[in-house]
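Engineer: If you scroll down you'll find the structure; I have some questions about it.
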Amino acid sequence: MTTCSALQSEGAATSAERRRMEAPLMLVGGRVIEVRAIRPDDSERLRALFRRLSPETVIFRFFRFLPDLPEADALAFAHVDYENTMALVATTGAGADEQIRAVVRYARTDLETAEVAFVVEDPWQGHGIATALLHRLAAYARARRFATFTALTMGDNTRMLDVLLHARFPYTLTYMNGEIEAHLDISAPEQVRPR
């Protein structure tokens with residue numbers, strides 16, 4: 001099932017939303033990467049992405065080292081309901097050669113709040129992918145009446161903190177026991193703010 005037909009079958013997104021969400025992304029430096037909603041058949045692509053991540057990136061994403069992404073977890077991550085859970089992936093290649101380079105996802109925690117998490121393959125970090133996907137996911141979530149994204153990160157995960165603090169959403173941070181919880185107000189489109 002294609003992404004558009006998967007979203008259509010869920011009745012979750014308008015055609016305009018799908019076009020905005022799935023438009024190719026021009027990266028810093030001029031490279032282009034494809035963006036689409038995650039699909040149930042992405043579980044093996046997620047596991048392949050995981051195997052290409054550095055140990056540091058794995059620890060920053062999962063708060064511990066895992067030698068591999070368990071199949072059950074990959075299947076769960078690849079299945080979203082397009083309302084309470086949603087994920088976007090950035091990919092290169094096509095067909096059998098398609099590879100996921102980044103994922104950003106949210107999961108509802110209460111009526112207007114969702115926890116957001118993302119991971120970008122190491123060589124693709126620093127090119128603006130996480131920020132762009134975060135903005136697209138926030139627009140999608142806003143249309144479903146979400147007002148806040150929360151994110152939990154390790155205090156020394158400077159890349160994730162950079163994305164969160166410079167995403168141009170009003171934010172608050174709470175620090176405890178080496179971890180930082182960020183609350184992003186996504187109720188209005190991101191504001192232009194100097195970095």
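Laboratory data are not the source of any read-out in this text; all were calculated from the coordinates shown. Note that this is a predicted model, so its numbers are computed, not measured. We place every Cβ from the backbone using ideal geometry, glycine too, and count neighbours over all the protein chains shown.
Engineer: Tell me the relative contact order for the stretch 71-163 as a rounded percent, counting alpha carbon contacts under 8 Å between residues six or more apart. Please report the intermediate quantities before stating the final value.
Structural biologist: Working: 115 pairs, mean separation 21.7, N = 93.
Relative contact order, the stretch 71-163: 23 percent.
Engineer: Also: Can you compute the helix-only [θ] at 222 nm over the chain? Use -39500 (n - 2.57) per DSSP H run of at least 4 residues, normalise by all residues, nearest 500 deg cm²/dmol.
Structural biologist: Values: 7 runs with 64 residues, N = 195.
Taken over the chain, the calculation gives -9500 deg cm²/dmol.
Engineer: Report the net charge of residues surrounding Arg108, where surrounding means a beta-carbon distance below 12 angstrom and charges are Lys +1, Arg +1, Asp -1, Glu -1.
Structural biologist: Working: positive: Arg105, Arg144, Arg145; negative: Asp81, Glu83, Asp110, Glu112, Glu115.
Residues close to Arg108 contribute a combined charge of -2.
Engineer: Using a Gaussian network model of the chain whose springs link C-alpha atoms within less than 10 Å, name the residue from Ala130, Ala74, Ala141 with the highest mean-square fluctuation.
Structural biologist: Ala74
Engineer: A follow-up question, please. At a Förster radius of 22 Å, what calculated FRET efficiency corresponds to the Cβ-Cβ distance of Ile59 and Ala16, to the nearest 0.05? Show your work: numbers first, answer last.
Structural biologist: Values: r = 39 Å, r/R0 = 1.76.
FRET efficiency, Ile59 to Ala16: 0.05.
Engineer: Semi-axes, largest first, in whole Å: what does sqrt of 5 times each Cα gyration tensor eigenvalue give for the stretch 117-175?
Structural biologist: Values: eigenvalues 75, 48, 17 Å².
Taking √(5λ) for each eigenvalue gives 19, 16, 9 Å, largest first.
Engineer: Which length gain, in nm to one decimal place, applies between Thr85 and Leu27 when the Cα-Cα distance is subtracted from 0.36 nm times their residue separation? List each step's numbers first, then the result.
Structural biologist: Numbers: separation 58, 0.36 × 58 = 20.88 nm, distance 2.60 nm.
Residue separation times 0.36 nm, minus the Cα-Cα distance, leaves 18.3 nm.
Engineer: Which residue, Gly95, Leu27, Pro55, has the largest displacement toward the positive end of the dipole of the stretch 3-146 when charges sit on each Cβ (Lys, Arg +1; Asp, Glu -1)?
Structural biologist: The residue sitting farthest along the positive end of the dipole is Leu27.
Engineer: Within 10 Å, at most 16 other Cβ atoms, and a DSSP state outside H, G, I, E, B define an exposed site. Report the longest part of the chain free of exposed chymotrypsin sites (Phe, Trp or Tyr not before Pro). It would help to have the intermediate numbers written out before the result.
Structural biologist: Values: sites that count: Phe63, Phe65.
It runs 66-195.
Engineer: Starting from 0.36 nm per residue, how many nanometres of slack lie between Glu44 and Asp68 once their C-alpha separation is accounted for?
Structural biologist: Values: separation 24, 0.36 × 24 = 8.64 nm, distance 1.17 nm.
Taking Glu44 through Asp68 to full extension adds about 7.5 nm, to one decimal.
Engineer: How large is the dipole of the stretch 3-146 about the Cα centre if only Lys and Arg carry +1 and Asp and Glu carry -1, each at its Cβ, rounded to the nearest 20 debye? Don't skip to the end; give the middle numbers.
Structural biologist: Working: 19 positive and 20 negative charges, 89 e Å.
Roughly 420 debye for the stretch 3-146.
Engineer: Related question: Note down the nm distance, to one decimal, between modelled labels 7 Å out along Cα→Cβ at Asp110 and at Ala94.
Structural biologist: That separation, rounded to one decimal, is 4.6 nm.
Engineer: Provide the net charge surrounding Gly126, with neighbours chosen by a C-beta distance below 11 Å and charges set as Lys +1, Arg +1, Asp -1, Glu -1. Write down the numbers at each step before the final one.
Structural biologist: Details: positive: Arg159; negative: Asp122, Asp162.
Result for the local shell: -1.
Engineer: On each of the three principal axes of the Cα atoms of the chain, give max minus min coordinate, whole Å, ordered largest first.
Structural biologist: The Cα atoms of the chain stretch 42, 37, 35 Å along their principal axes.
Engineer: With a cap of 12 neighbouring Cβ atoms within 10 Å, and only residues DSSP puts in a loop, list the trypsin sites (Lys or Arg not before Pro) found in the stretch 49-154. Present the calculation step by step, with values, prior to reporting the outcome.
Structural biologist: Values: sites: Arg51, Arg52, Arg61, Arg64, Arg101, Arg105, Arg108, Arg136, Arg142, Arg144, Arg145; in loops: Arg64, Arg144, Arg145.
The qualifying sites are Arg64, Arg145.
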